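Comments concern the structure below.
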Amino acid sequence: MARRRKRKSRRRQEGRRILENVPQFSIESGEDKPVTAARKYIKTEGVIPPALLLVKRNEHTTDRYFWAEKGLFGAQYVEENHFLFPSLRVETEELSLAR
């Protein structure tokens, strides 16, 4: 039986392009849960929003979080709803000017 291709959401693709231009930080979660490790890293390093945190849980899994003025969010949610985040509107405008 033939497999159908999964349809890619245009809105999510646009959100992914916007997040590519945001500063990224890669960290290891260690003994903490990934979201706790991300929060601790933000506090100790003084990370300024907007930022994308890639938290390595184990050798196979990496969790992605977006640090915004409003708090810490899952990156997939932000990709789908990037228009709700004021700090990403600046990134969107810069992208449209570059085209």
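Miscellaneous remarks
- Among (1) modelled with pLDDT under 95; (2) under 21 Å from Lys8 (Cα atoms); (3) within 14 Å of the chain's Cα centre (by Cα), the one test that Thr92 misses: (3)
- Comparison of Val47, Val22, Val55 shows that the only residue that is touching a helix residue (DSSP H, G or I) at 6+ places or on another chain (Cβ under 9 Å), over 15 Å from Gly74 (Cβ atoms) and not in a helix (DSSP H, G or I) is Val47.
- Residue that is farthest from Phe85 (Cα to Cα), among those in the stretch 1-25 that are of a type in the set (Gly, Ala, Ser) and surrounded by 12 or more Cβ atoms within 10 Å (Cβ to Cβ): Ser9
- Filtering the stretch 61-85 to residues that are over 15 Å from Asn21 (Cα atoms), assigned to a strand (DSSP E or B) and among the hydroxyl-bearing types (Ser, Thr, Tyr) leaves only Thr62.
- Selection count, the stretch 68-79, where residues are surrounded by 16 or more Cβ atoms within 10 Å (Cβ to Cβ) and over 10 Å from the mean Cα position of the chain (by Cα): 0
- Candidate set from the stretch 26-67 (those that are among the hydroxyl-bearing types (Ser, Thr, Tyr) and surrounded by 13 or more Cβ atoms within 10 Å (Cβ to Cβ)); member that is modelled with the lowest pLDDT: Ser29
- Failed criterion for Lys8 (all others in (1) charged (D, E, K, R); (2) modelled with pLDDT under 95; (3) assigned to a helix (DSSP H, G or I) hold): (3)
The values are calculated or read from the model by the stated rules, or taken from the named source; none is laboratory data. Fair warning: this is a prediction, and the values are worked out from it, not measured in the lab. We place every Cβ from the backbone using ideal geometry, glycine too, and count neighbours over all the protein chains shown.
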